[in-house]
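Visitor: Supplied in structure tokens, the structure appears directly below.
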Amino acid sequence: MIGVPGPVDIITGLLAGGYVTYHGTHFDVDSAKPWDLPDVRVPIGVAVSGEQSVQTFATLADVMIATEPDPGPVPAWDAARVRAHEQFRWFAGDDVAAVVDAVRPFAEAGFTDVALVQIGGDAQDSFFAAAEQELLPAFQEAFGEHRTPTPA
């Protein structure tokens, strides 16, 4: 598969607004930005043909595209999307207490690290500022001292 999953990353970034820079095996994008975005986000569709492409793209794309009426990929696509939403916990908004409460069961289960992901290039700076000023101090208060990650 060419550029997997680069093209989807590029398009997702462009649809989020802001600037996109990407350097991969088959694609180079340098500071691209769409100036006019649709009012409603355009779903990303990816053509799949079997298990490998389903597993690669089900969690990245919104819609599965097929050129044959083969029902084979459909259950795997649906299962992969359900699994992604079960394994990842999605939090939205700027309610710090709600995010802390959502993370609490992970801390109580013994998890020591949480990945914070901000989606959308145009809000990256405000996300980092809010995380530094509000969210990380709230985590420290709720769960104890922050430890600096060590390289693997």
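Visitor: I need the full set of residues from the stretch 27-41 which are touching a helix residue (DSSP H, G or I) at 6+ places or on another chain (Cβ under 6 Å) and either loosely packed, with under 11 Cβ neighbours inside 10 Å or within 20 Å of Asp125 (Cα to Cα) (or both), in order please.
Guide: The one that is touching a helix residue (DSSP H, G or I) at 6+ places or on another chain (Cβ under 6 Å) and either loosely packed, with under 11 Cβ neighbours inside 10 Å or within 20 Å of Asp125 (Cα to Cα) (or both): Pro34.
Visitor: List the residue pairs whose Cβ atoms are under 9 Å apart, where the first residue sits in the stretch 12-26 and is surrounded by 15 or more Cβ atoms within 10 Å (Cβ to Cβ), the second is assigned to a loop (DSSP other than H, G, I, E, B) and hydroxyl-bearing (Ser, Thr, Tyr), and the two are 6 or more positions apart or on different chains.
Guide: Matching pairs, first to second residue: Gly13/Tyr19.
Visitor: Another question, then. Anything in the stretch 9-37 that is closer than 27 Å to Gly50 by Cα, hydrophobic (A, V, I, L, M, F, W, C) and modelled with pLDDT under 85? List them, or say none.
Guide: Answer for the stretch 9-37, where residues must be closer than 27 Å to Gly50 by Cα, hydrophobic (A, V, I, L, M, F, W, C) and modelled with pLDDT under 85: just Phe27.
Visitor: On to the next question. Listed residues Gly93, Gly110; which is at pLDDT below 80 and closer than 30 Å to Met64 by Cα?
Guide: The unique qualifying residue is Gly93.
Visitor: If you don't mind, there's one more thing I want to ask. Filter the stretch 113-130 down to residues that are among the β-branched types (Val, Ile, Thr) and under 27 Å from Leu37 (Cα atoms) and give me whichever is modelled with the lowest pLDDT. Don't jump to the end; show me each part of the working.
Guide: The first filter runs over the stretch 113-130 and keeps only residues among the β-branched types (Val, Ile, Thr), leaving 114, 117, 119.
Going one step further and asking which of them are under 27 Å from Leu37 (Cα atoms), we end up with 117, 119.
Values: Val117: 69, Ile119: 59.
So the residue we want is Ile119.
Visitor: Going through the stretch 1-47 one residue at a time, which ones are under 20 Å from the mean Cα position of the chain (by Cα) and of a type in the set (Val, Ile, Thr)?
Guide: Across the stretch 1-47, the qualifying residues are Val4, Val8, Ile10, Ile11, Thr12, Val20, Thr21, Val29, Val40, Val42, Ile44, Val46.
The values are calculated or read from the model by the stated rules, or taken from the named source; none is laboratory data. No experiment lies behind these values; they were computed from the predicted model shown. All Cβ positions, glycine included, derive from the backbone under ideal geometry; neighbour counts span all protein chains shown.
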